Amino acid sequence: MVATGPDGRRSIPATELFVAPYQTALRPAEIITETRWPIRPSARHGFAEITHRAGDFALAGLAAVVELDGSEVARAQLAALGVAGTVRRLPTAEQELLGRPLTAGSIDDAADAAAESVEPPEDVHADPETRRAALRAATRRALEQIPHA
């Protein structure tokens with residue numbers, strides 16, 4: 001991310017932008033003026049979130065970027081939202097996909113690993129087990145969106 005403010009422009013790695021719920025690394029009077037995305041032509045993606053109602057904050061969600069080598073997953077990046085204070089990567093779930101084709105079985109294994117790897121907060125919207133179930137469902141939905149044939 002590139003932020004611009006009274007002191008000029010600066011780059012902020014995406015992994016460092018969000019520091020807590022509703023808090024970013026932006027300084028006073030800074031705004032994000034640019035985002036930079038690596039171009040990976042072989043990358044495929046999916047995104048899903050589970051909410052009580054359309055437009056609500058997500059109970060849980062998942063963004064997935066997957067690269068295939070033939071029919072097998074060569075690289076996977078999975079990031080969960082709504083299950084921690086900030087977005088967090090899910091390396092255990094990513095590992096479940098590597099070297100395997102995207103099938104119902106590998107997707108289920110990754111979804112289970114995603115749900116088991118988080119300790120979601122409890123709040124007025126959901127208890128931890130509900131958020132784990134929502135993450136499991138969001139992981140399945142996001143990965144099922146990815147073309148793999």
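Here, each number is a calculation from the coordinates, and none is a lab measurement. Note that this is a predicted model, so its numbers are computed, not measured. So basically every Cβ, Gly included, is an ideal-geometry build from the backbone, and we count neighbours across all protein chains shown.
Here are some notes:
- Near residue 10, once Lys and Arg are set to +1 and Asp and Glu to -1 for all other residues with Cβ below 12 Å from its Cβ, the sum equals -2.
- Residue 52-residue 7 pseudo-label distance in nm [points 7 Å out on the Cα-to-Cβ vector]: 4.0
- Here the simple spin-label model places points 7 Å from the Cα toward Cβ, and for residue 37 and residue 104 these points are separated by 3.2 nm.
- Furthest towards positive pole of dipole, 24, 92, 126, structure part the chain, Cβ charges: 24
- All Cα pairs of the chain, percent lying beyond 19 Å: 56
- Only Lys, Arg, Asp and Glu carry charge here, each on its Cβ (+1 for the first two, -1 for the last two); on that basis the chain has a dipole of about 520 debye about its Cα centre.
- Two-site FRET efficiency, residue 29 against residue 87, from Cβ-Cβ distance with R₀ of 30 Å, rounded to 0.05: 0.75
- For the stretch 71-98 and the stretch 1-17, distance of Cα centres in Å: 25
- Alpha carbon convex hull of the stretch 66-144, volume per residue in cubic angstrom: 71
- Dipole of the chain, positive direction: furthest Cα of 135, 50, 33, with charges on the beta-carbon: 33
- Charge tally around residue 111: other residues with Cβ under 13 Å, Lys/Arg +1 each, Asp/Glu -1 each, net -3.
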